[in-house]
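What follows is calculated from the coordinates using simple rules that are stated; it is not laboratory data. The structure presented is a predicted model; accordingly, all values stated were derived computationally and were not measured. Note that each Cβ is placed from the backbone with ideal geometry, even for glycine, and that neighbours are counted across all protein chains shown.
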Amino acid sequence: MAKFEVYKDKKGEFRFRFLASNGEPMFGSEGYAAKASAMKAIESIKKNVVDAKVDDQTVKDE
């Protein structure tokens, strides 16, 4: 099952990464001073990802 993993980096900042169901990391976050901020970012992603569009900037406008 895919999951978010919250951890502290070497600088003591809170970060998260999203792991695919096979355990491979798909993306990671910036560093947050407060764990609550990292958790809020995760909740925002979970709420808004359904409406995310793909902006393929490799395709030229015709």
Add -39500 (n - 2.57) for each DSSP H run of 4 or more in the chain, then divide by its residues: what number comes out at 222 nm, to the nearest 500 deg cm²/dmol? -7500 deg cm²/dmol
Farthest towards the positive end of the dipole of the chain, among A2, L19, S37 and with Cβ unit charges of +1 on Lys and Arg and -1 on Asp and Glu, lies the Cα of S37
Could you tell me the relative contact order of the chain? Use alpha-carbon pairs under 8 Å, at least six residues apart, and round to a whole percent. 24 percent
Under unit Cβ charges (Lys, Arg +1; Asp, Glu -1), what dipole magnitude, rounded to 20 debye, does the chain have relative to its Cα centre? 500 debye
Show me, for region 11-24, the HN-Hα J-couplings you get by feeding each phi into the Karplus relation (A = 6.51, B = -1.76, C = 1.60, θ = phi - 60°), rounded to Hz, glycine and proline as x. 8, x, 8, 8, 9, 9, 9, 9, 9, 5, 4, 8, x, 6
Residues in region 37-56 that a label on A2 would reach, taking backbone N under 13 Å of a point 7 Å out along Cα→Cβ: 45-52
